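Enquirer: This is the structure, below, for whatever I ask next.
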Amino acid sequence: MSGLFITFEGTEGSGKSTQAALLAERLRQQGERVRLLREPGGTPIGEEIRHTLKHSSSNQAMTAEAELLLMSAARAQLVREIIRPALAAGERVVCDRFFDSTTAYQGYGRQLDLQQVQALIDFAVGETRPALTLLLVLPLRESESRRQSRHSATTPPRDRLEEAGPEFFARVERGYQAIAAAEPQRVRTIDATQPIQTVQELVWGWVRPLLARPEHGQSAAATRR
Ligand SMILES: Nc1ncnc2c1ncn2[C@@H]1O[C@H](COP(=O)(O)OP(=O)(O)OP(=O)(O)O)[C@@H](O)[C@H]1O
Ligand SMILES: [Mg+2]
């Protein structure tokens, strides 16, 4: 039996968490067994690393290299503790961010060597790769305004990564464009300026054909037309 591994990617406020939750709910309504995860995090060790990366009061001095290694450590744990067993049991695994975030943020954003970043990604995940990645594309200006509206409410203060400057986010955006261009079969881009329900239907349009073909498992996206 083999499950199905789907990831959501995109810049801040593009709707990843919203759409991951909606997809998980829709899959459950279809009787599927679903594991909804987020990165960094998803395991006890990973959630501690998430705190160190994002919210710890002592993380301002963190180097880009340390950030990359911590992200990779959390992912290595998540893959082996949760994702592989879930896929082996035939579950549908939906992950809010995965390795493309590392390419986009630590590679393009922090400007670490892209080949070294890729080597660490490969070490962390091994053969565990998403069959389908939904890349939610939102112009930078809109990303900023969505983040501000969210942060003006009752949410906690911005985390360390969110505090980076506009040039950083422009590089992240270019990173995602490069990822989508390099793997167009796996990475499906969706215009995230559309209403939530419209985006959800587009997501479902890419997911549904994969459900009927569990035998293709993790490589289903690579073989579909
Ligand atoms: N299609 C949409 N149209 C308008 N607003 C949206 C849409 N999708 C999500 N939002 C709103 O934008 C905000 C950010 O959405 P969400 O938290 O899902 O984004 P995210 O990609 O997970 O962000 P982050 O990268 O910061 O985790 C939320 O207030 C959400 O309700
Ligand atoms: Mg989110």
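The values are calculated or read from the model by the stated rules, or taken from the named source; none is laboratory data. This structure is a prediction, so every number in the text was calculated from the model and none was measured. Because the Cβ atoms are built from the backbone with ideal geometry, glycine has one as well, and the counts that use them run over all protein chains shown.
Enquirer: Could you tell me which of the residues V199, V207 is within 16 Å of ligand 2 (Cβ to nearest atom) and either modelled with pLDDT of 95 or more or part of a loop (DSSP other than H, G, I, E, B) (or both)?
Expert: Numbers: V207 fails: within 16 Å of ligand 2 (Cβ to nearest atom).
Just a single option satisfies the conditions, and that option is V199.
Enquirer: Let me ask you something else. Filter segment 91-120 down to residues that are within 16 Å of ligand 1 (Cβ to nearest atom) and closer than 15 Å to E65 by Cβ and give me whichever is surrounded by the fewest Cβ atoms within 10 Å (Cβ to Cβ).
Expert: Among residues in segment 91-120 that are within 16 Å of ligand 1 (Cβ to nearest atom) and closer than 15 Å to E65 by Cβ, the one surrounded by the fewest Cβ atoms within 10 Å (Cβ to Cβ) is G109.
Enquirer: OK, next. Checking the condition away from ligand 1 (no atom under 16 Å from the Cβ) and closer than 19 Å to G41 by Cα, which residue from A124, A131, A88 passes?
Expert: Details: A131 fails: closer than 19 Å to G41 by Cα; A88 fails: closer than 19 Å to G41 by Cα.
Sole residue among the options that is away from ligand 1 (no atom under 16 Å from the Cβ) and closer than 19 Å to G41 by Cα: A124.
Enquirer: Of all residues being surrounded by 14 or more Cβ atoms within 10 Å (Cβ to Cβ) and either among the charged types (D, E, K, R) or in contact (Cβ under 8 Å) with a residue 60 or more places away in the chain (or both) in segment 48-64, which is farthest from I121 (Cα to Cα)? Just the residue, please.
Expert: It comes out as N59.
Enquirer: In segment 121-163, what residues are among the hydrophobic types (A, V, I, L, M, F, W, C), at pLDDT below 95 and buried (at least 16 other Cβ atoms within 10 Å of the Cβ)?
Expert: Once the filter is applied, which keeps residues that are among the hydrophobic types (A, V, I, L, M, F, W, C), at pLDDT below 95 and buried (at least 16 other Cβ atoms within 10 Å of the Cβ), segment 121-163 yields only L161.
Enquirer: Same structure again: Might you let me know whether segment 7-15 holds any residue that is crowded, with 16+ Cβ neighbours inside 10 Å, of a type outside the set (F, W, Y) and away from ligand 1 (no atom under 16 Å from the Cβ)?
Expert: We begin by selecting, within segment 7-15, every residue crowded, with 16+ Cβ neighbours inside 10 Å; these are 7-15.
Imposing the further condition that a residue be of a type outside the set (F, W, Y) reduces the set to 7, 9-15.
Next cut, away from ligand 1 (no atom under 16 Å from the Cβ) only: none.
No.
Enquirer: Moving to a separate point now. State whether the residues of segment 35-42 include one that is surrounded by fewer than 19 Cβ atoms within 10 Å (Cβ to Cβ) and under 27 Å from G205 (Cα atoms).
Expert: Scanning segment 35-42, I find at least one residue that is surrounded by fewer than 19 Cβ atoms within 10 Å (Cβ to Cβ) and under 27 Å from G205 (Cα atoms), so the answer is yes.
Enquirer: Tally time: how many residues in segment 176-200 are under 17 Å from K16 (Cα atoms), out of contact with any Leu (no Cβ under 8 Å at 6 or more places or on another chain) and surrounded by 13 or more Cβ atoms within 10 Å (Cβ to Cβ)?
Expert: Total meeting the criteria: 2.
Enquirer: Could you say whether any residue in segment 47-66 is among the polar types (S, T, N, Q) and under 29 Å from W206 (Cβ atoms)?
Expert: Looking through segment 47-66, none of the residues is among the polar types (S, T, N, Q) and under 29 Å from W206 (Cβ atoms).
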